[in-house]
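The values are calculated or read from the model by the stated rules, or taken from the named source; none is laboratory data. In this text, all values refer to a predicted model and were calculated from it rather than measured experimentally. No Cβ is skipped: glycine too gets one built from the backbone with ideal geometry, and neighbour counts run over all protein chains shown.
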Amino acid sequence: DTEVTQTPKHLVMGMTNKKSLKCEQHMGHRAMYWYKQKAKKPPELMFVYSYEKLSINESVPSRFSPECPNSSLLNLHLHALQPEDSALYLCASSEEGGNQPQHFGDGTRLSIL
Amino acid sequence: AQSVAQPEDQVNVAEGNPLTVKCTYSVSGNPYLFWYVQYPNRGLQFLLKYITGDNLVKGSYGFEAEFNKSQTSFHLKKPSALVSDSALYFCAVRDWGYNKLIFGAGTRLAVHP
(Lines give C-alpha, C1' and ligand atoms only; values in the text may rest on other atoms or scores of the structure.)
Protein backbone atom coordinates (compact mmCIF):
# COMPACT_ATOMS: atom_id res chain seq x y z
CA ASP A 1 0.00 0.00 0.00
CA THR A 2 1.24 3.47 -0.86
CA GLU A 3 1.31 6.20 1.78
CA VAL A 4 0.17 8.82 -0.71
CA THR A 5 -3.48 8.37 -1.63
CA GLN A 6 -4.91 9.69 -4.88
CA THR A 7 -8.54 9.84 -5.91
CA PRO A 8 -10.15 9.01 -8.20
CA LYS A 9 -8.11 6.16 -9.71
CA HIS A 10 -9.73 6.68 -13.11
CA LEU A 11 -11.45 9.70 -14.62
CA VAL A 12 -13.09 10.19 -17.97
CA MET A 13 -14.18 13.70 -18.83
CA GLY A 14 -15.23 15.77 -21.77
CA MET A 15 -13.32 18.79 -22.94
CA THR A 16 -15.85 21.18 -21.41
CA ASN A 17 -16.04 19.53 -17.99
CA LYS A 18 -14.56 20.72 -14.73
CA LYS A 19 -13.13 18.10 -12.41
CA SER A 20 -10.57 17.84 -9.61
CA LEU A 21 -7.91 15.34 -8.68
CA LYS A 22 -7.13 14.85 -5.02
CA CYS A 23 -4.00 13.76 -3.18
CA GLU A 24 -3.50 13.14 0.52
CA GLN A 25 -0.50 12.21 2.64
CA HIS A 26 -0.11 11.84 6.39
CA MET A 27 3.65 11.47 6.61
CA GLY A 28 4.18 15.07 7.70
CA HIS A 29 5.91 15.93 4.45
CA ARG A 30 6.05 19.63 3.64
CA ALA A 31 6.79 19.32 -0.08
CA MET A 32 4.16 18.01 -2.51
CA TYR A 33 4.31 17.53 -6.25
CA TRP A 34 2.13 16.96 -9.30
CA TYR A 35 3.49 15.01 -12.25
CA LYS A 36 2.09 14.03 -15.63
CA GLN A 37 3.18 10.71 -17.09
CA LYS A 38 2.57 9.39 -20.58
CA ALA A 39 2.82 5.66 -21.26
CA LYS A 40 6.34 4.25 -20.96
CA LYS A 41 7.80 7.72 -20.38
CA PRO A 42 9.29 9.31 -17.27
CA PRO A 43 7.11 11.55 -15.13
CA GLU A 44 7.08 15.22 -16.11
CA LEU A 45 7.01 17.67 -13.24
CA MET A 46 4.08 20.09 -13.28
CA PHE A 47 3.96 21.82 -9.89
CA VAL A 48 5.79 21.84 -6.57
CA TYR A 49 4.38 23.08 -3.29
CA SER A 50 6.67 23.81 -0.36
CA TYR A 51 5.09 24.57 3.01
CA GLU A 52 1.74 24.99 1.24
CA LYS A 53 3.05 27.63 -1.14
CA LEU A 54 3.53 27.13 -4.86
CA SER A 55 7.27 27.11 -5.47
CA ILE A 56 7.56 25.68 -8.99
CA ASN A 57 5.22 25.89 -11.97
CA GLU A 58 6.80 24.21 -14.98
CA SER A 59 4.99 26.47 -17.46
CA VAL A 60 1.85 24.38 -17.19
CA PRO A 61 -1.21 25.60 -19.16
CA SER A 62 -3.75 27.48 -17.09
CA ARG A 63 -6.36 24.79 -17.69
CA PHE A 64 -4.54 22.99 -14.85
CA SER A 65 -4.89 24.78 -11.52
CA PRO A 66 -3.22 23.42 -8.38
CA GLU A 67 -4.32 24.05 -4.85
CA CYS A 68 -2.83 23.11 -1.47
CA PRO A 69 -5.53 23.62 1.18
CA ASN A 70 -3.32 22.33 4.00
CA SER A 71 -0.11 20.44 4.58
CA SER A 72 -1.73 17.05 3.94
CA LEU A 73 -3.82 17.78 0.88
CA LEU A 74 -3.09 18.67 -2.71
CA ASN A 75 -5.67 19.22 -5.42
CA LEU A 76 -5.42 19.63 -9.15
CA HIS A 77 -8.38 21.40 -10.73
CA LEU A 78 -9.03 20.62 -14.37
CA HIS A 79 -11.00 22.70 -16.86
CA ALA A 80 -11.34 22.67 -20.63
CA LEU A 81 -8.74 19.98 -21.11
CA GLN A 82 -7.51 18.75 -24.48
CA PRO A 83 -7.22 15.15 -25.70
CA GLU A 84 -3.43 15.38 -25.38
CA ASP A 85 -3.90 15.88 -21.64
CA SER A 86 -4.92 12.24 -21.33
CA ALA A 87 -2.25 10.68 -19.10
CA LEU A 88 -1.48 9.29 -15.67
CA TYR A 89 -1.31 12.08 -13.10
CA LEU A 90 0.93 11.31 -10.17
CA CYS A 91 1.13 13.04 -6.83
CA ALA A 92 4.22 12.79 -4.65
CA SER A 93 5.42 14.11 -1.32
CA SER A 94 8.74 14.41 0.45
CA GLU A 95 10.46 15.96 3.39
CA GLU A 96 12.22 19.19 2.55
CA GLY A 97 15.82 18.79 1.48
CA GLY A 98 17.41 17.56 -1.70
CA ASN A 99 18.53 14.25 -0.22
CA GLN A 100 15.00 13.12 0.61
CA PRO A 101 13.20 10.67 -1.68
CA GLN A 102 9.81 11.44 -3.07
CA HIS A 103 6.94 9.10 -2.23
CA PHE A 104 4.43 8.62 -5.02
CA GLY A 105 0.78 7.76 -5.11
CA ASP A 106 -0.60 5.30 -7.65
CA GLY A 107 -1.98 8.08 -9.77
CA THR A 108 -5.19 9.05 -11.51
CA ARG A 109 -5.58 7.79 -15.05
CA LEU A 110 -7.27 10.60 -16.94
CA SER A 111 -8.96 10.21 -20.30
CA ILE A 112 -10.24 13.23 -22.21
CA LEU A 113 -12.98 12.52 -24.73
CA ALA B 1 22.50 21.62 -16.58
CA GLN B 2 21.81 18.39 -14.76
CA SER B 3 20.93 15.32 -16.79
CA VAL B 4 20.54 11.58 -16.50
CA ALA B 5 20.93 8.96 -19.22
CA GLN B 6 19.69 5.41 -19.23
CA PRO B 7 21.27 3.96 -22.36
CA GLU B 8 19.15 0.80 -22.58
CA ASP B 9 15.45 0.87 -23.41
CA GLN B 10 15.11 -2.74 -22.30
CA VAL B 11 17.17 -5.27 -20.41
CA ASN B 12 16.42 -8.97 -20.64
CA VAL B 13 17.73 -11.41 -18.07
CA ALA B 14 16.97 -14.97 -17.05
CA GLU B 15 15.58 -15.63 -13.61
CA GLY B 16 18.34 -16.36 -11.14
CA ASN B 17 20.98 -14.47 -13.12
CA PRO B 18 22.48 -11.18 -11.96
CA LEU B 19 21.01 -8.02 -13.44
CA THR B 20 22.37 -4.56 -14.12
CA VAL B 21 20.42 -1.50 -15.20
CA LYS B 22 22.70 1.32 -16.30
CA CYS B 23 22.55 5.00 -15.45
CA THR B 24 24.98 7.83 -16.11
CA TYR B 25 24.62 11.38 -14.90
CA SER B 26 25.88 14.87 -15.52
CA VAL B 27 25.73 17.39 -12.69
CA SER B 28 27.55 20.42 -11.43
CA GLY B 29 28.58 19.70 -7.88
CA ASN B 30 27.94 16.60 -5.82
CA PRO B 31 25.11 14.43 -7.13
CA TYR B 32 22.09 13.23 -5.21
CA LEU B 33 21.02 10.11 -7.12
CA PHE B 34 17.92 7.95 -6.85
CA TRP B 35 16.45 4.78 -8.33
CA TYR B 36 12.72 4.19 -8.63
CA VAL B 37 10.71 1.25 -9.93
CA GLN B 38 7.27 1.38 -11.51
CA TYR B 39 5.03 -1.66 -11.84
CA PRO B 40 2.08 -1.61 -14.26
CA ASN B 41 -0.77 0.64 -13.15
CA ARG B 42 1.18 1.81 -10.11
CA GLY B 43 3.10 4.89 -9.08
CA LEU B 44 6.87 5.05 -8.69
CA GLN B 45 8.39 3.25 -5.72
CA PHE B 46 11.64 4.46 -4.18
CA LEU B 47 14.39 1.81 -4.22
CA LEU B 48 17.55 3.53 -3.00
CA LYS B 49 19.56 6.72 -3.03
CA TYR B 50 23.15 7.91 -3.01
CA ILE B 51 23.93 11.10 -1.16
CA THR B 52 27.43 10.63 0.17
CA GLY B 53 29.58 7.95 1.79
CA ASP B 54 29.96 4.36 0.63
CA ASN B 55 29.89 3.89 -3.10
CA LEU B 56 27.79 0.72 -2.76
CA VAL B 57 24.28 1.56 -1.68
CA LYS B 58 21.82 -1.11 -0.57
CA GLY B 59 18.12 -0.65 -1.07
CA SER B 60 14.75 -2.36 -1.09
CA TYR B 61 13.94 -5.83 -2.49
CA GLY B 62 17.60 -6.90 -2.62
CA PHE B 63 18.65 -4.16 -5.03
CA GLU B 64 21.89 -2.25 -4.72
CA ALA B 65 23.61 0.42 -6.73
CA GLU B 66 27.22 1.32 -7.28
CA PHE B 67 28.22 4.97 -7.46
CA ASN B 68 31.27 5.61 -9.62
CA LYS B 69 32.38 9.22 -9.61
CA SER B 70 35.08 8.86 -12.26
CA GLN B 71 32.66 7.23 -14.70
CA THR B 72 29.71 9.40 -13.54
CA SER B 73 27.62 6.25 -13.26
CA PHE B 74 25.10 4.87 -10.81
CA HIS B 75 24.19 1.40 -12.05
CA LEU B 76 21.44 -0.62 -10.36
CA LYS B 77 22.25 -4.24 -9.60
CA LYS B 78 20.78 -7.36 -8.11
CA PRO B 79 22.66 -10.64 -7.64
CA SER B 80 19.76 -12.91 -8.57
CA ALA B 81 16.81 -11.67 -10.64
CA LEU B 82 13.21 -12.66 -10.00
CA VAL B 83 10.37 -12.71 -12.51
CA SER B 84 8.59 -10.29 -10.17
CA ASP B 85 11.40 -7.76 -10.74
CA SER B 86 10.04 -7.18 -14.24
CA ALA B 87 9.06 -3.51 -14.30
CA LEU B 88 10.10 -0.06 -15.51
CA TYR B 89 13.11 1.42 -13.72
CA PHE B 90 13.96 5.11 -13.52
CA CYS B 91 17.21 6.73 -12.45
CA ALA B 92 16.94 10.32 -11.22
CA VAL B 93 19.19 13.13 -10.04
CA ARG B 94 18.33 16.10 -7.88
CA ASP B 95 18.34 19.40 -9.76
CA TRP B 96 20.51 21.67 -7.66
CA GLY B 97 18.84 24.90 -6.73
CA TYR B 98 15.40 23.50 -7.35
CA ASN B 99 13.27 21.08 -5.38
CA LYS B 100 12.85 18.75 -8.33
CA LEU B 101 14.11 15.49 -9.76
CA ILE B 102 15.42 14.96 -13.25
CA PHE B 103 14.48 11.50 -14.49
CA GLY B 104 16.13 9.31 -17.06
CA ALA B 105 14.04 7.92 -19.90
CA GLY B 106 13.51 4.63 -18.08
CA THR B 107 14.62 1.05 -18.68
CA ARG B 108 12.20 -1.82 -18.98
CA LEU B 109 13.50 -4.88 -17.21
CA ALA B 110 12.14 -8.23 -18.38
CA VAL B 111 13.06 -11.27 -16.31
CA HIS B 112 12.29 -14.55 -18.06
CA PRO B 113 11.60 -17.81 -16.22
- Task: Might you let me know whether the stretch B:57-80 holds any residue that is out of contact with any strand residue (DSSP E or B) (no Cβ under 6 Å at 6 or more places or on another chain), touching a residue at least 12 places away in the same chain (Cβ under 8 Å) and within 30 Å of residue A:57 (Cα to Cα)?
- Result: no
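Can you go through A:68, A:91 and tell me which one is farther than 24 Å from residue B:38 by Cβ, of a type in the set (A, V, I, L, M, F, W, C) and within 12 Å of the chain's Cα centre (by Cα)? Break it down into steps so the answer makes sense when it comes.
Values: A:91 fails: farther than 24 Å from residue B:38 by Cβ.
One residue alone meets the criteria, A:68.
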- Message: With the requirement that a residue be at pLDDT below 95 and assigned to a loop (DSSP other than H, G, I, E, B), what does the stretch A:1-26 give you?
- Response: A:1, A:2, A:3, A:14, A:15, A:16, A:17, A:26
- Unique match (being away from chain B (no Cβ under 14 Å) and at positive phi) among A:28, A:14: A:28
- Any idea how many residues of the stretch B:66-101 are within 11 Å of another protein chain (Cβ to nearest Cβ), surrounded by fewer than 20 Cβ atoms within 10 Å (Cβ to Cβ) and under 13 Å from the mean Cα position of the chain (by Cα)? 1
- Can residue A:45 be described as within 15 Å of the chain's Cα centre (by Cα) and either in contact (Cβ under 8 Å) with a residue 40 or more places away in the chain or more than 25 Å from residue B:90 (Cα to Cα) (or both)? no
- May I ask you to list the residues in the stretch B:10-45 that are facing chain A (nearest Cβ under 9 Å) and either of a type in the set (D, E, K, R) or crowded, with 19+ Cβ neighbours inside 10 Å (or both)? B:32, B:34, B:36, B:38, B:42, B:43, B:44
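Looking only at the stretch A:84-98, count every residue that is away from chain B (no Cβ under 14 Å) and assigned to a loop (DSSP other than H, G, I, E, B) and tell me the total.
1
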- Say whether the condition of being within 14 Å of chain B (Cβ to nearest Cβ) and touching a Lys or Arg at 6+ places or on another chain (Cβ under 7 Å) is met by at least one residue in the stretch A:66-83. no
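Residue A:101: modelled with pLDDT under 95, out of contact with any helix residue (DSSP H, G or I) (no Cβ under 8 Å at 6 or more places or on another chain), in a loop (DSSP other than H, G, I, E, B) and under 21 Å from residue B:48 (Cβ atoms), yes or no? Quick ask: steps written out before the conclusion?
Numbers: modelled with pLDDT under 95: yes; out of contact with any helix residue (DSSP H, G or I) (no Cβ under 8 Å at 6 or more places or on another chain): yes; in a loop (DSSP other than H, G, I, E, B): yes; under 21 Å from residue B:48 (Cβ atoms): yes.
Yes.
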